[in-house]
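Working notes, beginning with the structure itself.
The values are calculated or read from the model by the stated rules, or taken from the named source; none is laboratory data. All of these numbers come straight from a predicted model, not from anything done at the bench. Heads up, the Cβs are rebuilt from the backbone with ideal geometry, glycines too, and the neighbour counts pull from every protein chain shown.
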Amino acid sequence: MATHWVTRWQRKLEMGDRSYGSSSSSSSTLNYKNVLCRCGEKPKIWTSTTRKNPGRHFIRCPNSLDTSKDCKFFVWVDEDLGLHWYKSKVNELHKENMILSKKNMELEKENMNMLKKLMNFKLIDKKKKRLVYLWLG
């Protein structure tokens, strides 16, 4: 019975009974205000953190977490991002790495310039000491 109910609800979702409120994927919401699970609870939206389905949104009944209750309500509410998600994440990390590498090179160059200035100051200081020594004799 539960599986049939979930299948009907999933078909309803596939036919367009969803609305996303914002462009941010983390704040995507499903329009399910009047829906109740067969156990009487209102399903909640969750975001998957598994390696297989990272970032995917789904709804499930809060009772599905309780092993003493027999509720298995679970429906994905967005498409499987799969390989596309990983590729975009790798590209994003690559770009970030390039930016950080460039910044690191700039900081190393600045550090070298500061070391050169310090060496020059030490050299000048040493020359001044010699001049004072020669002058005072």
Quick one: is ASN104 under 30 Å from PRO54 (Cα atoms), surrounded by 10 or more Cβ atoms within 10 Å (Cβ to Cβ) and of a type outside the set (D, E, K, R)? no
Confirm whether CYS71 is in contact with a helix residue (DSSP H, G or I) (Cβ under 6 Å, 6 or more places away or on another chain) and at pLDDT below 95. yes
Scan of the range 51-64 for residues that are within 25 Å of the chain's Cα centre (by Cα) and over 15 Å from VAL35 (Cα atoms), ordered by number: ARG51, LYS52, ASN53, PRO54, GLY55, ARG56, HIS57
Is it the case, given these coordinates, that ASN53 is touching an Asp or Glu at 6+ places or on another chain (Cβ under 8 Å) and polar (S, T, N, Q)? yes
